[in-house]
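The values are calculated or read from the model by the stated rules, or taken from the named source; none is laboratory data. Since we're looking at a predicted model, the values are computed, not measured. Cβ placement follows ideal geometry from the backbone for every residue including glycine, while neighbour counts extend to all protein chains displayed.
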Amino acid sequence: MKVLCFYTTSFSYTIGEKNHEEAIDAPCPASFAECIVAYIQVEEADELQDVKSREKKLSNHLKWVARKNGTEKIVLHSFAHLSSSKASMQFTRSLFDAALERLQNGGYQVSVTPFGYFLNLKMEAPGFSMARIWAEL
């Protein structure tokens, strides 16, 4: 799994093109402030492990990034452009659902961008070192 996190002063999206037949109906646009936006590439090799172990690794990393940036707001974004290896949409959704639950139980405000769509993104990220963190988990 590859994760690219940005601390953003503002992040928003609107729906672009539908790119997967399993996508649910187009949800409403959303916007966030003072949050971590995690671009997450779940890979095929992640499916060889159980969801719980991958979710725990992801959640712990996101908590660390959020603490380093002084926020409790996290947006999970499935981003299939950090690796050529891709997990199934079902596994990725399961992992995101489990991470969402763990993070919320830990007091974080968590949102997930819609699966199965290209999104029009707007993002403002300040220029300091902890505002951008990449990890291979």
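So here's what we get for this one:
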| read-out | value |
| --- | --- |
| Unique residue being out of contact with any Phe, Trp or Tyr (no Cβ under 8 Å at 6 or more places or on another chain), modelled with pLDDT under 95, crowded, with 16+ Cβ neighbours inside 10 Å and under 19 Å from Pro114 (Cα atoms) when the list is Phe79, Phe91 | Phe91 |
| Test result for Glu55, farther than 22 Å from Ser12 by Cα, touching a residue at least 12 places away in the same chain (Cβ under 8 Å) and touching a Phe, Trp or Tyr at 6+ places or on another chain (Cβ under 6 Å) | no |
| Tyr39 being over 13 Å from the mean Cα position of the chain (by Cα), closer than 19 Å to Thr8 by Cβ and surrounded by 15 or more Cβ atoms within 10 Å (Cβ to Cβ) | no |
| Options Ala135, Ala99: the member that is modelled with pLDDT of 95 or more, closer than 15 Å to Gln41 by Cβ and out of contact with any Gly (no Cβ under 6 Å at 6 or more places or on another chain) | Ala99 |
| Residue in region 16-29 that is modelled with the lowest pLDDT, counting only those that are assigned to a strand (DSSP E or B) and within 16 Å of Phe79 (Cβ to Cβ) | Glu17 |
| Condition met for Leu58 (more than 15 Å from Arg93 (Cα to Cα) and hydrophobic (A, V, I, L, M, F, W, C)) | no |
| Total residues in region 91-121, condition touching a residue at least 60 places away in the same chain (Cβ under 8 Å) and more than 17 Å from Leu62 (Cα to Cα) | 8 |
| Residue count for region 3-33, restricted to those that are surrounded by fewer than 19 Cβ atoms within 10 Å (Cβ to Cβ), within 30 Å of Lys52 (Cβ to Cβ) and within 15 Å of the chain's Cα centre (by Cα) | 2 |
| Scan of region 65-86 for residues that are within 18 Å of Ala125 (Cα to Cα) and more than 11 Å from the chain's Cα centre (by Cα), ordered by number | Val65, Ala66, Arg67, Lys68, Asn69, Gly70, Thr71, Glu72, Lys73 |
